[in-house]
Amino acid sequence: MKVLHTEWSDGWGGQEIRIINEMLAMQGLGVEVFLACKAQSKIYQEAKKNNLQFFILPFRGNADLSTIFQLYKIIKKYNIDIINTHSGKDTWVGGIAAKLTRIKFIRTRHLSNPINKSRLNFINELADFVITTGEIVRRDMIHNNRISPEKIMSIPTGPSEKIFNPNIYKYEDCRDIFNLTKDEIVIGMLAVLRRFKRHDRFLVMAKHIRDNFPQKKFKFLIAGDGPQRENIELLIQQNDLKKEVILLGHIKNQAEFLCAIDLFVMVSDSGEGVPQSLIQALMMNKKSISTNVGSVSDLFDDNNFQLIRNNSQKALNLSVKNFLLSDSNNSSSKVKCNDFVKVNFSEKVMADKILKIYKQLLNNENLSY
């Protein structure tokens, strides 16, 4: 079985990480995987690093004939069975190439922001199957974009249980990696530096918490990189948070970061499917607070994390305050192992579901899940 993934994006966030991890997971199940992307993209560098087969294409726009023609040639030369597209522009050119070569076309939708409802935006309807990364995204595409319920399924991104295993990391060792002292309460955020991730709200919360708990020592860690870095640096300066806030940039081992912090916070106001960073934090048994956006609620089970139903700055500040005032805020307290997340959102669960869809599509079976 041969699957060609396409990605137009230059960035490196949850979507691009999902693609690489999904490709590696499917490769482990015997699927031969390929990637078509742009030369300047970070996903190209990661594909190279992981020894994945890749092709560099221009992806200039929805009707880029050069890219369509090159995809056509790749599909024919390598006998590709399925094309799996991931962003808007590559979905158009990838979908057209799939139809011209009569291979199966899967559209994976990662974000939760609405897709244009126009009848002219018909490319998603042409897909043989649509995979979303959250249940709300699935329902929206059925309701707004005319996708048949029988050919769309939510398969959230699954982190590796081998990597995000709290039993293989030591809290003290991970604190040392990030130069954190024993007496500091560490609140962390793990997200690409994009506007919808709302790092500005995280920083307002940081200032509020620091000012309201002068007797405590805090560190606020921001892991990730992206186009908003300069704006975030300016906000840190304006709020006099240079001592308390550390911009770590891109980190290679997210599990070490999550082990080192005392509280994980996600403050996005849009754009999320089921966010990888929150799944990772829960798999690491880390106390977590998250805004209720996209399909975040898919992860909520028996109060396994604090879900902010009113996505306001005031509600965020109050949730963090409550964490600090509770008796369970010290690092030695144990959190119940999150079986719900492991059973429903691991990398193995994700890969098995995707492989089943691939097989059913190629065998022209009725899709069942």
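Under 18 Å of direct C-alpha separation, and excluding same-chain neighbours fewer than eight residues apart, Lys286 reaches these lysines: Lys162, Lys170, Lys182, Lys219, Lys321, Lys334, Lys336, Lys342. So what's the gap between the Cα centers of segment 62-130 and segment 291-314, to the nearest angstrom? Using only Cα atoms to place each centre, the spacing works out to 33 Å. Calculated mean residue ellipticity, 222 nm, the chain: -12000 deg cm²/dmol, from DSSP H runs (n ≥ 4) at -39500 (n - 2.57) each, averaged per residue and rounded to 500. Averaging 1/r over each pair of different alpha-carbon atoms in segment 1-140 and inverting the result gives 15.0 Å, the Kirkwood hydrodynamic radius.
Sort 36-48, 83-95 for me by packing, meaning the mean count of neighbouring Cβ atoms within 10 Å per residue, highest on top.
On the way: 36-48: 18.8, 83-95: 25.7.
Answer by packing, highest mean first, reads 83-95, 36-48.
I'd like the antiparallel share, as a percent to the nearest 5, of DSSP beta bridges with both residues in segment 166-344. If I count the DSSP bridges inside segment 166-344, around 5 percent turn out antiparallel.
How much length would be gained if the chain were fully extended between Asn310 and Asn165, taking 0.36 nm per residue of separation minus their Cα-Cα distance, in nm to one decimal?
Roughly 49.1 nm would be gained on extension.
If you model the chain as an ellipsoid using its alpha carbon gyration tensor, with each semi-axis the square root of five times an eigenvalue, the axes come out at 38, 20, 20 Å, biggest first.
Convex hull volume of the C-alpha atoms in segment 130-173, normalised per residue: 92 Å³.
Normalised by the number of residues in segment 166-344, the average gap of Cα pairs under 8 Å and 6 or more apart makes the relative contact order 23 percent. Annotation: extensible slack from Asn322 through Ala39 equals 97.2 nm (criterion: 0.36 nm per residue apart, minus Cα-Cα distance).
A Cβ-based charge dipole, computed about the Cα centre of the chain with Lys and Arg at +1 and Asp and Glu at -1, lands at about 620 debye. For the pair Asn144 and Glu230, the difference between a 0.36 nm per residue extended length and the Cα-Cα distance amounts to 27.3 nm.
The per residue volume of the convex hull around the alpha-carbon atoms of segment 166-344 is 112 Å³.
Straight-distance candidates among the lysines for linking to Lys151, with alpha-carbon spacing under 20 Å and chain neighbours fewer than 8 residues away dropped: Lys99, Lys104, Lys117, Lys353, Lys356, Lys359. Remark: segment 42-115 is approximated by an ellipsoid whose semi-axes, taken from the C-alpha gyration tensor as √(5λ), come to 18, 18, 13 Å, largest first. For segment 346-362 versus segment 201-268, the inter-centroid distance based on Cα atoms is 37 Å. Entry note, segment 1-93: relative contact order of 39 percent, from Cα contacts under 8 Å with a spacing of 6+ residues.
Simple rule: put +1 on each Lys or Arg Cβ and -1 on each Asp or Glu Cβ in the chain, find the dipole, and look at Gln53, Ile354, Gly94; the Cα lying farthest toward the positive end is Gly94.
Taken together, the values in this text are just the output of simple stated rules run on the coordinates, not laboratory data. What you are looking at is a predicted structure, and each value in this text was computed from that prediction instead of being measured. Note: ideal-geometry Cβ built from the backbone for every residue, glycine included; neighbour counts use all protein chains shown.
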